[in-house]
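Q: If you scroll down you'll find the structure; I have some questions about it.
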Amino acid sequence: MRETLETTVVKFDTETDVGHLTLNRPNSLNALSSQLREDIVEGLRLLEAENDADGIALRAVVVEGTEGNFCAGADINEFSKGGAGASSEHTHYEFIRDFPAPIVAKIRGYCLGAGLETAMACDFRFADEDARLGLPEVDLGIIPGAGGVQYISRLANPAAAKEIAMTGDHISAERALDLGIVNRVPDDLDEATREFAEEIASKPPLAIQAIKDSGNVATQTGLREGVQYDRKQFESLLDTEDHEKGAKAFAEDDYEPEFKGR
Ligand code: COA
């Protein structure tokens, strides 16, 4: 499947079961317009529709920007008209966070403001060594409007988060890696992201969904409640066909399980 929406390109690779969503507004360094936010959600919906009665087809998604930049933030032209800044426009972050398949942000070039907030809503961030990340909203007299300070405080640490948001400085991929904002800064970004997405795509998808969900809950709840939540997820997975296949593969060397998400 390949669809070109107004501001995104969406592909699903049936060989690997990995979906690809490319932000495609190169003239504004992929700045997040209202249309782009809508097309991110629409693109993810199209990918999710690959799942059918036979089980879960879509196993992972890679989100990137076209022409060497991830995203230079909210579209400032709309912002000044009150468009992109309105809180009703924030749904694409929640859609990404709650999307059942894990999402990897593949970051080249600029990843600023709402672009970094979008990347932080994803499950993983792989960055090119030349990528520049930051929260420059302070210089517009505002703060990141979609929880950027909250997210970065959890990924890095509260003092580093305040430093990045108060200075508005762009930081290097290496510094972002040291702080825990990005997962990896590989030598070959394309290959490392592809290998990682394919590895996740080969795992039992219901367990992967449960881990994503539990990982999200872990940032919002106390330990006791979180452990109880995990226990329920664990128990519900015990009854799945994928668990049966995984256990069989462990017991029998020559059995290659094909996980269907059932
Ligand atoms: N919204 C709308 N358009 C943007 C944009 C944004 N966030 N960021 C860049 N663009 C546009 C520029 O206006 C320019 O358009 P033009 O060619 O029609 O003049 C084009 O993208 C290229 O940007 P330019 O500034 O010329 O590139 P640069 O390499 O000199 O600088 C940045 C790159 C990212 C440092 C700079 O564009 C920038 O600071 N952008 C704003 C970042 C920001 O504050 N984001 C948070 C918004 S809340």
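Bear in mind these aren't lab numbers, they're just calculated from the coordinates by the rules spelled out. Keep in mind it's a predicted model, so treat the numbers as computed, not measured. For neighbour counting, all protein chains shown are included, and Cβ atoms are generated from backbone atoms with ideal geometry for every residue, glycine included.
Q: Average projected area of the Cα convex hull of the chain, in nm²?
A: 15.0
Q: Once both labels are modelled 7 Å past Cα along the beta-carbon direction, what's the Asp98-Asp52 spacing in nm?
A: Using points 7 Å along Cα→Cβ, the separation is 2.8 nm.
Q: Further, regarding this structure: Taking the highest mean first, how do the peptides 28-36, 48-56 order by number of other beta carbon atoms within 10 angstrom per residue?
A: Output ranking for 28-36, 48-56: 28-36, 48-56.
Q: Step through the residues of the stretch 231-236 one at a time and calculate ³J(HN,Hα) from phi using the Karplus curve (6.51 cos²θ - 1.76 cosθ + 1.60, θ = phi - 60°), rounding each to whole Hz and writing x for Gly and Pro.
A: Karplus values, whole Hz, x for Gly and Pro: 4, 4, 4, 4, 5, 5.
Q: Under a 5 Å amide H to amide H cut-off, with H placed in plane at 1.01 Å, what residues pair with Arg132 once short-range neighbours are removed?
A: Gly109, Tyr110, Cys111
Q: Would you please give the FRET efficiency between Tyr255 and Thr16, computed as 1/(1 + (r/R0)^6) with r the Cβ-Cβ distance and R0 = 30 Å, to the nearest 0.05?
A: Once the sixth-power term is evaluated, E becomes 0.85.
Q: I would also like to ask the following. Could you calculate the contour length gain from Arg45 to Glu129, that is, 0.36 nm times the residue separation minus the distance between their Cα atoms, to one decimal place in nm?
A: My answer for the length gained is 27.1 nm.
Q: Sorting check: for 7-18, 208-219, which peptide has the highest mean count of neighbouring beta carbons within 10 Å, and how do the rest follow?
A: 7-18, 208-219
Q: Search the structure for amide H atoms under 5 Å from the amide H of Asn51, placed 1.01 Å from N in the peptide plane, and list their residues when 5 or more places away or on another chain.
A: Those qualifying (amide H under 5 Å, at least 5 residues apart or on another chain) are Ala57, Leu58.
Q: So how do 174-187, 64-77, 112-125 stack up, highest first, on mean other-Cβ count within 10 Å?
A: 112-125, 64-77, 174-187
Q: Another question about this same structure. Taking the Cβ-Cβ separation of Arg154 and Glu195 as r and a Förster radius of 35 Å, what is the calculated FRET efficiency to the nearest 0.05?
A: 0.85
Q: Could you tell me the number of lysine pairs in the chain with C-alpha atoms less than 17 Å from each other, where the two lysines are 8 or more residues apart or belong to different chains?
A: 8
Q: Could you calculate the contour length gain from Ile211 to Ile143, that is, 0.36 nm times the residue separation minus the distance between their Cα atoms, to one decimal place in nm?
A: So the chain would gain 21.4 nm between Ile211 and Ile143.
Q: Could you list which residues have their amide H under 5 Å from that of Val182, counting only those 5 or more apart in sequence or on another chain, with H placed in the peptide plane?
A: So Val182 has HN proximity to Leu177.
Q: In whole Hz, what ³J(HN,Hα) sequence does the stretch 129-143 give by Karplus (6.51, -1.76, 1.60; θ = phi - 60°), x for Gly and Pro?
A: Along the stretch 129-143, the couplings run 5, 8, 5, 10, 10, x, 10, x, 4, 3, 6, 9, x, 9, 10 Hz.
Q: Rounded to the nearest 0.05, what FRET efficiency is calculated for Leu238 and Val9 with R0 set to 30 Å and r the Cβ-Cβ distance?
A: 0.15
Q: Same structure, new question: In whole Hz, with x marking every Gly and Pro, tabulate ³J(HN,Hα) for the stretch 23-32 from phi via Karplus 6.51 cos²θ - 1.76 cosθ + 1.60, θ = phi - 60°.
A: Working through the residues one at a time gives 6, 9, 10, x, 5, 10, 6, 6, 4, 7 Hz.
Q: With both partners inside the chain, how many of the DSSP beta bridges are antiparallel, as a percent to the nearest 5?
A: Once the DSSP bridges in the chain are tallied, antiparallel ones form about 40 percent.
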